[in-house]
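Report on the structure given below.
The values are calculated or read from the model by the stated rules, or taken from the named source; none is laboratory data. Predicted model, so just to flag it, every value in this text is computed and none were measured. So basically every Cβ, Gly included, is an ideal-geometry build from the backbone, and we count neighbours across all protein chains shown. Surface areas here come from the heavy atoms of the whole protein model, side chains and all, with no ligands, DNA or RNA. Shrake-Rupley method; radii C 1.70, N 1.55, O 1.52, S 1.80 Å.
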Amino acid sequence: VLSVAFSPDGTHIVSGSDDKTICVWDASTGARVLPPIQGHQGSVRSVAFSPDGTHILSHDSRDVWLVWDARTG
């Protein structure tokens, strides 16, 4: 795991990893709430939730930014 961020309401955590995936976790139980989100071709070095918690922004090792739906991936 290279990066983590809490959702604005504190209920979820998003993580970006060296294995090129993004995971969304339940902050109270630690359970993954979605299958790993795939689409980057490089390590996911930075992740963040949008202020309203509906989207996830990710920055990979190739300087590619992607935006994801936080509920569906």
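Being farther than 12 Å from Gly73 by Cα, crowded, with 16+ Cβ neighbours inside 10 Å and not charged (D, E, K, R) is the filter here; which residues of region 26-45 pass it? Walk me through it before giving the result.
Taking region 26-45 first, the residues farther than 12 Å from Gly73 by Cα are 26-32, 40-45.
From what is left, the residues that are crowded, with 16+ Cβ neighbours inside 10 Å are 40, 43-45.
Result: His40, Ser43, Val44.
Take the residues in region 7-25 that are hydroxyl-bearing (Ser, Thr, Tyr) and within 17 Å of Val67 (Cβ to Cβ); name whichever of them is surrounded by the most Cβ atoms within 10 Å (Cβ to Cβ).
Top of the filtered list is Ser7.
For Ser58, state whether it is at pLDDT 95 or above and under 10 Å from the mean Cα position of the chain (by Cα). Give the steps one after another, and end with the answer.
Values: at pLDDT 95 or above: yes; under 10 Å from the mean Cα position of the chain (by Cα): yes.
Yes: the conditions hold for Ser58.
Which residue is least open to solvent (accessible area, probe 1.4 Å), if the candidates are limited to region 48-63 and must be closer than 14 Å to Ser7 by Cβ and out of contact with any His (no Cβ under 8 Å at 6 or more places or on another chain)? Step through it out loud before you land on a result.
Narrowing region 48-63 to residues closer than 14 Å to Ser7 by Cβ: 48-57.
Checking which are out of contact with any His (no Cβ under 8 Å at 6 or more places or on another chain) leaves us with 48, 50-52, 54-57.
Details: Ala48: 40, Ser50: 27, Pro51: 125, Asp52: 109, Thr54: 35, His55: 81, Ile56: 1, Leu57: 66 Å².
Filtering region 48-63 for residues that are closer than 14 Å to Ser7 by Cβ and out of contact with any His (no Cβ under 8 Å at 6 or more places or on another chain), the one least open to solvent (accessible area, probe 1.4 Å) comes out as Ile56.
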